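Read through the structure below, which is laid out as structure tokens, and then see the notes.
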There are 2 protein chains.
Amino acid sequence: MTADNLTRDPASQPRPVPSGSPANLALCQALFSPRCVAIVGQSDDAGKTAGRPLKFLRQMGYAGRVYPINSRRESVLGERAWPSLAALPETPDHVYIVTPTEAAVEAVEECGRLGVKVATVLADGFAETGGEGLARERRLRDVCARTGMRLVGPSSLGVVDLRTRAMLTANAAFDEPELPAGRIFAASHSGSLIGALLSRGKARGVGFAGLVSVGNEVDLSLGEICATTLDDPGIDGYMLFLETMRHAETLRRFALAAAERGKPIIAYKLGRSAAARELAVSHTGALAGEDDVADVFLRACGIARVNTLDGLIEGLPLLSRVPLATRGSRKRVGVVTTTAGGATMVVDPLAGRGVTIEPASAATLAQLAGAGIEVKPARMVDLTIAGARYQTMKSTLDILLAAPEFDLVLAVVGSSARAQPDMTVRPIIDSAGAGKPLAAFLAPDAPEALAALSRAGVPNFRTPEACADAIAAALARRTPQPIVARSATRAGNGGPMLDELAAGALLERLGIARAPAVALDAAVTRTPPLPFPYPVAVKLLSAEIAHKSDIGGVVLGVADGAALLAAIATIRANVAERMPEARVARVLVQPMVSGLGEVLLGYRVDRDVGPLVMVAAGGVLTEIERDRSLRLAPIDVAAAHEMIAEVRGLIPLTGYRGKSKGDLAALADAIVALSRLADDSSVAEAEINPLMVRPAGEGVVAVDAVARLVM
Amino acid sequence: MTADNLTRDPASQPRPVPSGSPANLALCQALFSPRCVAIVGQSDDAGKTAGRPLKFLRQMGYAGRVYPINSRRESVLGERAWPSLAALPETPDHVYIVTPTEAAVEAVEECGRLGVKVATVLADGFAETGGEGLARERRLRDVCARTGMRLVGPSSLGVVDLRTRAMLTANAAFDEPELPAGRIFAASHSGSLIGALLSRGKARGVGFAGLVSVGNEVDLSLGEICATTLDDPGIDGYMLFLETMRHAETLRRFALAAAERGKPIIAYKLGRSAAARELAVSHTGALAGEDDVADVFLRACGIARVNTLDGLIEGLPLLSRVPLATRGSRKRVGVVTTTAGGATMVVDPLAGRGVTIEPASAATLAQLAGAGIEVKPARMVDLTIAGARYQTMKSTLDILLAAPEFDLVLAVVGSSARAQPDMTVRPIIDSAGAGKPLAAFLAPDAPEALAALSRAGVPNFRTPEACADAIAAALARRTPQPIVARSATRAGNGGPMLDELAAGALLERLGIARAPAVALDAAVTRTPPLPFPYPVAVKLLSAEIAHKSDIGGVVLGVADGAALLAAIATIRANVAERMPEARVARVLVQPMVSGLGEVLLGYRVDRDVGPLVMVAAGGVLTEIERDRSLRLAPIDVAAAHEMIAEVRGLIPLTGYRGKSKGDLAALADAIVALSRLADDSSVAEAEINPLMVRPAGEGVVAVDAVARLVM
């Protein structure tokens, strides 16, 4: 990592996550409970964006000192306006700058000079606008580096603490008569979304301790801002809205620290589709990575990723009740319902996400029968026949919550949830104290019953889709993977490639078997003796040409010495024709290797999330289906077996339909070995394609490999 | 179709769909505007299920005559109770029977004797309970057949018309002070769900003309009940909740008639997951088909299938504005937004469902600039910079609605939708009159703005997921495929198999080329001359053994005459060992055929939806990925090309990554030819596996085929 890199790519700079330290406390205080704030560019028109911060601070009754700054007016919204930051009688803890772009940069520079602790910048016109904007970002970063001031934004719609009433925001959504404070902290890449979370939360009785729109994260990243609040006893959990995986490293450190404290994190991340990733790029200036990389990263952080907006808003109470799973732990949901159709609406997407809907065991059915509750043995406990009565529902729930076959119980209530909540919803509240998580979905519109469940702390959902989403995300959440890779390893683009021989040697050092290979001078005119029998494969050996097959650089099944010379000639001719600028100095000769199946193993240092290992089945269909499994590297052998199980194209190697089993143990060992490249800061990426998987007990063999070093 | 079949499987009986006929009018009137009703089993306790119908009829002010029947009481709920149906002074048009199971069957028999037009049965305990229940169903059906009475249910929570106030329901959800009538008719396999639709609709200002819980559909099917209302001028569209594809034929006829009248149908169907399909079986007694079959069937009916409950409730206004697409029509959505993050939440799932998010053209951007609206060229029109002002939003919408590059415009509004709806939501209402469909998603909780949009008839959505769901479903809706197959063709199980030679002859008659083949006596001791060169394939020829490969009945690459005799001996030995009861009388000899790829073509008469044609890539991965395309048969060549494009495993045959192109024109012709089996009522199923696809211009060849006749 060079100093030049540091300047160009602050994302890759490991930052300390202050936690409980005096520096952290000071930052947290300046962000969320400043004693004194200034609004640079405060307008006199409360209807304008730049007029809102002062209005909201007064409306909510912020108790600290507020200095509106407007050089063109004596007063704003009936208060004295100050001409400049320099003219203030004291230095504000936190300055919200709501001026246009160029003036904002100047204001940040002034904040730095004056010793302001935190500045938050509303203006856009930075990285997302290209060259000039990037130069502006550099000026902001220079101020922070020079003065130690921290900065939120630019493009930040603000920082809000609903307890201290520090309403440093220009988001119109905060123009509310009542904003009930709660125990959730929300952070978002999208400034508008903090308004959506706030109002949708309010409508559901979900309150926030604080909300922050992190903007372009030129200095303070989303993870760092959240980390400042980790030891806030008024915060129980985190709700994140993510558009990119920028600054993933600080997010990961924050997530691990939150998991240590038992504070769950729920996240919605945009970008499942390529179109959405393109949008994220165009409006934030950040590059968008692949979505399955984000998925794997969030899982490794112990962050529950949901796919629905309602799931994001309604999911935290469930997360806080579902223990973090360790590897291999089960996901068995028991369902009790008064509406089979309504319950199946939840079961359908749940099962689609790999959650097991567990039928009641014979013992559980016997207990139900003993309590006088008649149910048919089936995948869910359907009380339609038994009837919607308090005692029926209560006894059923108590029996299911005690039954060992369920990890979580879901109650789905039909029309009675609206018409007679005392019969079917009150027992849910009364049974929810059991150790096992209990969630509720109500099929009708039943706002009162939902509110009662929320008040009682019972996780409840308005739509079957959000219910399934949150349950699946909660059950999939794992104890975070510890950070063991050399976190400073980041790949520059364009580091040198290794040729196949050198890449093979690298694999051998890792303990991955490779096919025997001999390098020959491409100018050879007599067949040399080979240390292995014919037939052989002949391949162009060059560090410069990554896709040698595409230019006719590979001849397979070469039968004898004469054919070997002919093959070399063919390769030379093909390359001369299709890539005249390339030089064919050497070829590689290998025995033909066969196996039950071909696997592609890859390792790379991702720009956002760091070292990754990848497994896919070989062949063109894998690419079309995007059928691959990823993990943050390094991994252990159990994780490698999980990865193998996730690749559908590898199912035939498990003995599917009477086929021979492949040596999956050796494959797992090879994946683990490749993932250890995360400990080697010199390698940016490596790919084995194909790795031949032989029958069980006979190992795996790398037939071809490429690797690239860091710059 | 035999008389025996008719009795055993009423699903397969083609029923006339009365429409506008006197019989239909009489049925419709008895169902939804009866002049006189009776409640058999009416309880005196309004809190009980059997107490509700009379309570609801009175509460809502039903104007017809009501006869509560309770043989054990003089009065119920303060009204005179009649001892029996026979004791009534007149014959009711519609009788709701809310007694337990056995009494319900007797009441149905009495209704038949008395000349009642329609009986609706609440009780369960029929097909879903097995033998005894099936016998009860037969008794119900006998009454209908004998007397001409029609029956809704059993397991029907009722039939409701909110205009005539005929509240023949026991669903607690109808216990509401106000039930605003509307112009939607809802029909559901789940009785509970009509309550969920009603209350959720009420909360959104979505009103219903009528709702029906169709129960087990022993007589009247969901499609038939809906069809009676087709010419009701008070009904604009249909909302269906489906658990199975039972009686698909009547659903299809209804759907085609609705499309002719321009009345859209939106449907939610359970059963995407295997677990959900199992639940549908266990609680309705119906067999659940495969979900992609349902998908294809609903599409062929012109029914929009949604995947979210909110999409079902909120989607109809959009459907009624999006014209039914013809084949090849585009799905280009233009997006205008004040919240890039919020809009991307809709774009993400939309793009995931194959909808194109179209950027504004240069001409459109120029028009915007001309109107003083500054936007960056990007995939959506982001008004963040231009600002959330009425005229900005209005002009932008008008320009986008007139721009030729969009088929539909989506407006996504951020915090201002709640705080300042006049700025950003009113222009949506004011622009919605344009010919092009306009839909709105509001990111914050904004009930007032949503209600204003609904009052103005602008399709609007509460969640990004429902918004994307409804838009994708609306754009995917097609003009229904006409019914041209011989609809009476239904496959009995276990009809006779054809051997490979006979199946090949069948294909040849359809015009599908097959590999040359010679049948040999398996006892042959001297090699006969063959009409094609070696190498050849030798295969067991038997109509009894479908999976000949699995028992060693196939030898490939047989090089000469001696090897041919050896191969026959091997096959005989393999079959003798693995299937000793089978007789090896003949073998089939074919030349070895190769191609660029292998395809599996199938045809079958589905129990629910009728003749189907299927295309999949050959090989084991296809099965694991369930990578196949289905259509109702017969189809034309354009549909065949669509099918080919839908199978991901066939992408390599399109010339992907420089591979040779396969003869997809010949493949399409073969699919069309196989689909013509729908005209041949003697064939129950046929499968070609593999069909070898040769290079473009060289055709396709069926290498192996099986077929089964109807019983």
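Hey, got the dipole for segment B:380-495? About the Cα centre, +1 on K and R Cβ, -1 on D and E Cβ, debye to the nearest 20?
520 debye
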Legend entry - Acute angle (nearest 10 degrees) that the helix A:291-300 long axis makes with the longest principal axis of chain A, alpha-carbon atoms: 70 degrees
Inset, instruction - May I ask you to derive the relative contact order of segment B:91-228, considering only C-alpha pairs under 8 Å and at least 6 residues apart, and to give it as an integer percent? - result: 23 percent
Inset, instruction - Can you bin chain B into rounded, prolate or oblate? Criterion: square roots of the alpha carbon gyration tensor eigenvalues sorted a ≥ b ≥ c, rounded for a/c under 1.5, prolate for a/b above b/c, oblate for the rest. - result: oblate
Legend entry - Rounded FRET efficiency, nearest 0.05, which uses the C-beta distance separating B:VAL620 from B:ARG509 and R0 of 41 Å: 0.85
Inset, instruction - Name the shape class, rounded, prolate or oblate, that the alpha-carbon gyration tensor gives for segment A:391-461, where a ≥ b ≥ c are the square roots of its eigenvalues, rounded holds for a/c under 1.5, and otherwise prolate holds if a/b is larger than b/c and oblate otherwise. - result: prolate
Inset, instruction - Counting only C-alpha contacts under 8 Å and six or more residues apart, can you give the relative contact order of chain B as a whole percent? - result: 9 percent
Legend entry - 3J(HN,Hα) from dihedral phi, segment A:61-68, Karplus parametrisation 6.51/-1.76/1.60, rounded to Hz, x for glycine, proline: x, 4, 8, x, 8, 10, 10, x
Legend entry - Rounded, prolate or oblate (a/c below 1.5 giving rounded, otherwise prolate when a/b exceeds b/c) for the protein assembly as shown by Cα gyration tensor: oblate
Inset, instruction - Work from the charge dipole of chain B (Cβ charges, +1 for Lys and Arg, -1 for Asp and Glu, about the Cα centre) and give the residue of B:GLY457, B:ALA145, B:CYS111 farthest towards its positive end. - result: B:GLY457
Legend entry - Which of B:LEU222, B:MET245, B:GLY262, positive extreme of dipole for segment B:220-283 (C-beta unit charges): B:MET245
Inset, instruction - With θ set to phi - 60°, apply the Karplus curve 6.51 cos²θ - 1.76 cosθ + 1.60 along segment A:518-523 and write out the HN-Hα couplings as whole Hz, x wherever there is a Gly or Pro. - result: 10, 8, 10, 5, 5, 8
Inset, instruction - Determine ³J(HN,Hα), in whole Hz, for all residues of segment A:496-510 in sequence, where each value follows from phi through the Karplus function 6.51 cos²θ - 1.76 cosθ + 1.60 and θ = phi - 60°; x replaces Gly and Pro. - result: x, 7, 9, 6, 4, 5, 5, 5, x, 5, 4, 4, 4, 4, 7
Inset, instruction - Check each of the GluC sites (Glu not before Pro) in segment A:614-705 and keep only those in coil by DSSP with at most 15 other C-beta atoms within 10 angstrom; list them in order. - result: A:GLU698
Legend entry - Residue-span extension gain [A:ALA87 to A:ARG141] - 0.36 nm each, minus C-alpha spacing: 17.0 nm
Inset, instruction - Count neighbours as other Cβ atoms within 10 Å of each site's Cβ, and list the GluC sites (Glu not before Pro) in segment A:302-407 that are DSSP loop with at most 16 such neighbours. - result: A:GLU374, A:GLU405
Inset, instruction - Given a cut-off of 25 Å, name the pairs among A:LYS202/A:LYS269; A:LYS202/B:LYS376; A:LYS55/A:LYS117; A:LYS548/B:LYS661 whose C-alpha atoms lie farther apart than that in the structure shown. - result: A:LYS202/B:LYS376
Inset, instruction - Could you check the simple spin-label distance between B:GLU102 and B:ARG353, using points 7 Å along Cα→Cβ, in nm with one decimal? - result: 4.9 nm
Inset, instruction - Treat each spin label as a single point 7 Å out from the Cα along the C-beta direction, and report the B:THR326 to A:ARG657 distance in nm. - result: 4.1 nm
Legend entry - Principal-axis tilt of helix B:464-476 within chain B, Cα atoms, nearest 10 degrees: 60 degrees
Legend entry - In degrees, nearest ten, helix A:561-578 long axis to first principal axis of chain A (Cα): 50 degrees
Inset, instruction - Give the distance, in whole Å, between the Cα centre of segment A:406-450 and the Cα centre of segment A:19-58. - result: 41 Å
Inset, instruction - Give, rounded to the nearest 20 debye, the magnitude of the charge dipole that chain B has about its Cα centre when Lys and Arg contribute +1 at Cβ and Asp and Glu contribute -1 at Cβ. - result: 960 debye
Legend entry - Other-chain or far-sequence residues with amide H under 5 Å of A:CYS36's (modelled H): A:ARG65, A:ASP93, A:HIS94
Inset, instruction - Please get the size of the charge dipole for segment A:163-296, origin at its Cα centre, with Cβ charges of +1 on Lys and Arg and -1 on Asp and Glu, quoted in debye to the nearest 20. - result: 380 debye
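Hand me the GluC sites (Glu not before Pro) from segment A:119-191 located in a DSSP loop with no more than 11 other Cβ atoms within 10 Å, in residue order please.
Values: sites: A:GLU128, A:GLU132, A:GLU137, A:GLU178; in loops: A:GLU178.
Sparse-neighbourhood loop GluC sites (Glu not before Pro): A:GLU178.
Taking every DSSP beta bridge that has both residues in the protein assembly as shown, what percent is antiparallel when rounded to the nearest 5?
Bridges in the protein assembly as shown are about 50 percent antiparallel.
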Inset, instruction - Note the distances from B:ARG261 to each other copy's matching label point, with points 7 Å along the Cα-to-beta-carbon direction, in nm, sorted shortest first. - result: 6.2
Inset, instruction - Work out the charge dipole of chain B with +1 on the Cβ of Lys and Arg and -1 on the Cβ of Asp and Glu about the Cα centre, then indicate which of B:TYR390, B:ILE568, B:VAL306 is farthest towards its positive end. - result: B:TYR390
Inset, instruction - Determine the relative contact order of segment A:162-301: mean sequence separation of Cα pairs under 8 Å and six or more apart, normalised by residue count, in whole percent. - result: 21 percent
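Just so you know, all these numbers are worked out from the coordinates, no wet-lab data involved. Everything numeric in this text was worked out from a predicted model, so none of it was measured. Using ideal geometry, Cβ is built from the backbone for each residue, glycine included, and neighbour counts are taken over all protein chains shown.
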